[in-house]
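Okay, structure first, notes after.
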Amino acid sequence: MRAVGIIFSNIHDDNVPELVRERTLGSIPVGGRYRLIDFPLSNMVNSGIDTVGIITKSNYQSLMDHVGSGKDWDLARKDGGVIILPPYGDRESSSLYTTRLEALKGITSFLFRADEEYVVMTDCDSISRVNYNDVIDSHIRNQADISIIYKKLEKPEYFPKTATIFDVQDGRIVGVSYKDNVVETGTNVCTNVFVMKKSLLQNIVVDSISHNKHHFMTDIVAANLKSMKIIGYEHKGFYAGITSLQAYFDSNMRLLDQDVRHEVFGDRSVFTKIRDSAPTKFGNSAIIKNSMIADGCEIEGEVENSIIFRNVKVARGAVVKNSIIMQNTVLGENSTLNCIITDKNVVVRNRRVLSGSENHPFYIGKGIMI
């Protein structure tokens, strides 16, 4: 294959500190049965990329358990396949990296071993479907040094962390800026997917080590807009960035839209770890409306506009609306949840009433009993 893949599993952990206390960003559950890393990993497999390095940092045990040997993505191979890369900084230090460029300094041996001509680098902070072959073809056609995927926002979006904004003229990125808080409609937001020749990336990493550069976007992209041909590739399909807990909630709720769900999952080519679970059991009193419910659940109450993960129990009389209920949660009789996110192994006892709001969902941490 002509490209090797690199996935950063931790770069944006600060976006959702509530959900990454015991996991990486890449292993955050979404959509009832998936993890965030499933989307970039599936995009790579569907694009014919069969050597993928996943850069880790901390709390990556759940990520390793999920990805395993890569067999669920057809990446359990003697040569190539999926490779978990160790969470170290540059070669002169044993400290953990803090930026994308520092992370790349720690995987120079992986880059030099790769035989592919191109590199596709991506993060785990979004839900999207991208054909990387189209991006590589555009990269070659435009004789670009670096190609970066961006998304033009269709409506204003809130970014509690700084969003990277591109000024794109005739396909070329001519300006890079940063914006906090509300990003307006029509803004070109970087999706943190990069394509370039492997030889160029190797030279960038070696040069950054010798010149003490740390930030890929600032020290490499923004600093070389005139000296390098840096092309923007517009992603026109569905894109949901996980920039905050609110964005995580909104992104999952968007998956309840039939058109969105068909675009993201319609051809069944988003792969994930297969679990052997019994079918979900619906009691005689169960009422289900516009919801996604995984295997292994026991539903006797009412579920509306919600996403229910594996092995969740919703007791008789319980009402769940506009909520995300993660694995092994138990909701007691006559309990009521609205705009709630429960992490794994939560217990809500009988007759509890919990409510957030659509613009401020309430989060219940892993293993908590209420």
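The values are calculated or read from the model by the stated rules, or taken from the named source; none is laboratory data. Computed from a predicted model, the values in this text were never measured in an experiment. As a convention, Cβ positions derive from the backbone with ideal geometry for all residues, glycine included, and neighbour counts pool all protein chains shown. The protein model used for the area step is the full one, side chains on, heavy atoms only, and it has no ligands, DNA or RNA in it. Shrake-Rupley method; radii C 1.70, N 1.55, O 1.52, S 1.80 Å.
A few comments on the model shown:
- Selected residue (only one of 5, 26, 53, 31 is open to solvent by less than 10 Å² (accessible area, probe 1.4 Å), at positive phi and in contact with a helix residue (DSSP H, G or I) (Cβ under 7 Å, 6 or more places away or on another chain)): 31
- Exactly one residue among 126, 147, 109 is of a type in the set (S, T, N, Q), open to solvent by 10 Å² or more (accessible area, probe 1.4 Å) and more than 19 Å from the chain's Cα centre (by Cα), and that residue is 109.
- Qualifying residue in the range 209-230 (condition: part of a strand (DSSP E or B) and surrounded by 18 or more Cβ atoms within 10 Å (Cβ to Cβ)): yes
- Candidate set: the range 352-370, residues that are within 18 Å of residue 335 (Cα to Cα) and among the polar types (S, T, N, Q); chosen: the one most open to solvent (accessible area, probe 1.4 Å): 355
- Here 58, 62, 69, 93 are screened, and the one residue that is under 23 Å from residue 275 (Cβ atoms), modelled with pLDDT under 90 and open to solvent by less than 60 Å² (accessible area, probe 1.4 Å) is 62.
- Residues of the range 337-351 satisfying the condition of being under 29 Å from residue 275 (Cα atoms) and open to solvent by 10 Å² or more (accessible area, probe 1.4 Å): 338, 344, 345, 347, 349
- One residue alone among 281, 273 is without any contact (Cβ under 8 Å) to a residue 40 or more places away in the chain, farther than 17 Å from residue 362 by Cα and touching an Asp or Glu at 6+ places or on another chain (Cβ under 9 Å), and that residue is 281.
- Pairs with Cβ under 9 Å, 6+ apart, first in the range 341-354 and among the polar types (S, T, N, Q), second open to solvent by 70 Å² or more (accessible area, probe 1.4 Å): 342/366; 342/368; 345/366; 345/368; 350/333; 350/334
- Test: residue 293 is open to solvent by 40 Å² or more (accessible area, probe 1.4 Å) and more than 27 Å from the chain's Cα centre (by Cα): no
- The strands (runs of 3 or more DSSP E) falling completely within the range 266-370 that include 2 or more residues that are out of contact with any Lys or Arg (no Cβ under 6 Å at 6 or more places or on another chain) and among the hydrophobic types (A, V, I, L, M, F, W, C) map to 287-289, 319-321, 340-342, 353-355, 362-364.
- Residue check for residue 280: among the hydroxyl-bearing types (Ser, Thr, Tyr) and under 30 Å from residue 119 (Cβ atoms): no
- Against the test of being at pLDDT below 95 and open to solvent by less than 80 Å² (accessible area, probe 1.4 Å), the options 249, 238 yield a single qualifying residue, 238.
- Residues that are under 27 Å from residue 119 (Cβ atoms), surrounded by 15 or more Cβ atoms within 10 Å (Cβ to Cβ) and among the hydrophobic types (A, V, I, L, M, F, W, C), drawn from the range 160-199: 163, 165, 166, 168, 173, 176, 189, 190, 193, 194, 195, 196
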